[in-house]
Amino acid sequence: MTMLLSVKDITKSWGGNRVLDRISFEMKADTIGLVGPNGAGKSTLLNIIAGIIRADRGEVYISGRNVTALSAQQLVRIGLTKTNQIPRPFRTLTVRENLEVFSGLRGRADVESILHMTGLYEYRDIYPQALPFGHLKRLELAKALACNPGIVLLDEPLGGLSSNEAKTLIKTLKDIRKSGVSMIVVEHRLWELFSLVDEVVALDRGKKIFQGTPEQFQADRAVAEAYIGGTEG
Amino acid sequence: MYVKLNGLIYSAVIILAMLLFSKLVSSPFLTLSLVLATIYMGLAMAWDFSSGLTGYINFGVSFFFGIGAFLTGFLSFVHHIPIGLTILADLALGISTGALFSVPTLRLRGPFFTLLSLLLPYIASSFILSFWTVLGLPTIGYYNIGRLAPSTFDELVLVSLFDLIILATLYALYRSHFGLVLRSIRDDEEAALNLGIRTFRYKALAFSIAAGVMAAMGGAYSSVSTFAGIDAFGLTFLLFPMLIAIVGGVKRILGSVPASYLVIVLSQYLNLYIGSATLVVFATLAIALVLITQPMFLQTFLRRRIKFE
């Protein structure tokens, strides 16, 4: 069964600055994009959902269960994992060992399949410092998959990748979606993102300004003004 | 010549070769030096297992060593319990004390754990000094402790066997999923935490196992020297194990085996010939060795001829 997530009235302030203001949305599709200009609060929201930081107010639900009070470790065990924007591999472990660390947290993960799926199989016995950046991004994704997740939160998975690398990673993400894993993807590269997601949530300065399909997103005037600084005509 | 050997077998061969060497040379001084080397080997492997693998530097080695030495002294001197049993009691005391200390301290990040562990031997030695002063006893500590075996060579055999058990156990843990998690903690604990690893449990368990080994080695030491005194809490039992682990190659466990023989036997002979200047000369040599050759020194050197698996 596909795991879906919803957030209700999430509010967060840093030093008197409100970075998230009563954000609510419900995943209607199994893959959604979370977009917005820099400073919109996307990564903060992702960290709150993942249990890494606490919201001042509001709730997070996974398949109807209130998980607001759960820690990141508990959330991983019920099926929610997050990747980092900047890859954080374990440098003294091989690629395979980087995955094996997490195997068993939520059932036994099929490490070999994950290595094949993410295109890392031929690099399985080398150390991460020998990998190019694009492969480190893949390793970040593979680590999250090794936790056997139902939902993966991806923080800018395409950041720093060439267009070819991005295209290959999008294909991998589509394969992952087919295997029944839901995704929330924070991304700035909208055209590539739109080829992956069925639904988009847009934030601007801590407020939700849009939720709908990628097509509706492109036609929305308010989004265009907030996101790319206004439209012509 | 290129020989492919399993690292564990290779280390066991070194230990057995040293036993044979001691038997052939038949020098009481060399045998005693090798006994000391095997005791330090246990301490170094335990330190490397908990601190080398996790990156949490434990300066409390001499605390656990000291409480083991004193418990063996107490049980042997006061209750005449056989040394084999007292060492088991040391192991249990070390594990439980290690677990007790882990609960409040290993939740702390950064240097706080290290600083608190540094206080442990000072607290223990102050407590023992006050206790003996209140009792008004002339000698601080226990003497006439029962010996592990009738001869020094037999003691060397027994401590070497004990080291082999520790080596096999710690190495198996190092190669297991448990060891992988410890290494991931050293690399990036926050990343491990955020992906669901309950790092505290792993750190606490590693620290407690290491503390148990350290206490057992303290028991063995007091039995070999037939005395458990306040010096068991001294810096020597912190600095040498750390130095051995660094010379042998931190995070490798096995490197402590050749390094302990090299460091301890060398320091014992230096002490024999140049007396109190040993510490200065030895410290200079050790620093130079580490600075010039990097921490991987011994293993890198040995890898040129022997491939570890």
So for the stretch B:2-308, considering every pair of alpha-carbon atoms, how many percent are separated by more than 23 Å?
56 percent
Residues of the stretch B:51-77 with backbone nitrogen within less than 16 Å of a virtual label 7 Å along the Cα-to-Cβ line of B:Phe112, please, listed as ranges.
B:56-57
What is the spread of the Cα atoms of the stretch B:143-302 along each of their three principal axes, largest first, in whole Å?
54, 40, 30
What percent does the relative contact order of the stretch B:2-308 come to when contacts are Cα pairs within less than 8 Å and at least six residues apart?
37 percent
What residues have an amide H closer than 5 Å to that of A:Gly104, excluding those fewer than 5 places away on the same chain, when H is modeled at 1.01 Å from N in the peptide plane?
A:Ala109
Rg and Dmax of chain A, Cα atoms only, in Å:
17.5, 57
Mean Cβ neighbour count within 10 Å, used as a protection proxy, ranking B:185-196, B:222-233 highest first:
B:222-233, B:185-196
Restricting to Cα pairs under 8 Å and 6 or more apart, the percent relative contact order of the stretch A:1-57 works out to 35 percent
In terms of modelled amide H atoms, which long-range or inter-chain residues lie less than 5 Å from the amide H of A:Ser13?
A:Val19, A:Asp56
Average beta-carbon neighbours from other chains, 10 Å sphere, peptide B:182-191
5
Show which aspartates and glutamates lie in cross-link reach of A:Lys178 when reach means a straight Cα distance below 14 angstrom and same-chain residues fewer than eight apart are skipped.
A:Asp30, A:Asp198
Only Cα pairs within less than 10 Å get springs; with that Gaussian network setup on chain B, which residue of B:Leu135, B:Leu71, B:Leu88 has the largest fluctuation?
B:Leu135
Mind listing the long-range amide H neighbours of A:Phe210? Cut-off is under 5 Å, sequence gap 5 or more, other chains count too, H placed in the peptide plane at 1.01 Å from N.
A:Ala202
Given +1 on the Cβ of Lys and Arg, -1 on the Cβ of Asp and Glu, and no further charges, what dipole in debye does the protein assembly as shown carry about its Cα centre, rounded to the nearest 20?
200 debye
Return the single residue from A:Pro87, A:Pro132, A:Pro37 with maximal mean-square fluctuation; model: Gaussian network over chain A, springs between Cα atoms under 10 Å.
A:Pro132
Using only alpha carbon positions, build the gyration tensor of the stretch A:140-214, then give the equivalent ellipsoid semi-axes as the square roots of 5 times its eigenvalues, largest first, whole angstrom.
20, 15, 12
Label point 7 Å out from A:Tyr121 along Cα-to-Cβ: which residues of the stretch A:139-171 have amide N under 20 Å?
A:139-148, A:168-171
Which value, in debye to the nearest 20, gives the size of the charge dipole of the stretch B:2-308 about its Cα centre, when Lys and Arg are +1 and Asp and Glu are -1 at the Cβ?
880 debye
Give me the inter-chain shielding for A:76-83: mean count of other chain Cβ atoms within 10 Å, whole number please.
2
Mind pulling up the Rg/Rh value for the stretch B:1-50? Radius of gyration and Kirkwood radius, both on Cα.
1.07
Debye intensity ratio I(q)/I(0), log10, the protein assembly as shown, q values 0.09, 0.10 Å⁻¹ (C-alpha model)
-0.76, -0.86
Of A:Lys12/A:Lys174; A:Lys8/A:Lys171; A:Lys28/A:Lys207; A:Lys171/B:Lys251; A:Lys174/A:Lys208, pairs whose Cα-Cα distance is over 29 Å:
A:Lys12/A:Lys174; A:Lys8/A:Lys171; A:Lys171/B:Lys251
Ordered by residue, what ³J(HN,Hα) values in Hz, to whole numbers, does the stretch A:212-217 give under the Karplus form 6.51 cos²θ - 1.76 cosθ + 1.60, where θ = phi - 60° and Gly and Pro are x?
x, 7, x, 5, 5, 4
Given that compact globular proteins tend to follow 2.2 N^0.38 Å, what is the ratio of the alpha-carbon Rg of the stretch B:3-117 to that value?
1.32
Among B:Leu93, B:Leu279, B:Leu118, which one shows the biggest mean-square fluctuation in a GNM of chain B, springs joining Cα atoms closer than 10 Å?
B:Leu279
Report the calculated FRET efficiency for A:Thr2 and A:Lys174 (r = Cβ-Cβ distance, R0 = 22 Å), to the nearest 0.05.
0.90
To the nearest 0.05, how large is the calculated FRET efficiency for A:Arg108 and A:Asp21 if R₀ is 51 Å and r is the Cβ-Cβ distance?
0.75
Provide the per-residue ³J(HN,Hα) series for the stretch B:146-156, in order, calculated from phi with Karplus coefficients 6.51, -1.76, 1.60 and θ = phi - 60°, each as a whole number of Hz, with x at glycine and proline positions.
x, 8, 5, 7, x, 10, 4, 5, 5, 5, 4
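Laboratory data are not the source of any read-out in this text; all were calculated from the coordinates shown. Every value quoted in this text rests on a predicted model; they were computed, and no experiment measured them. Positions of Cβ are backbone-derived with ideal geometry, glycine not excepted, and every protein chain shown enters the neighbour counts.
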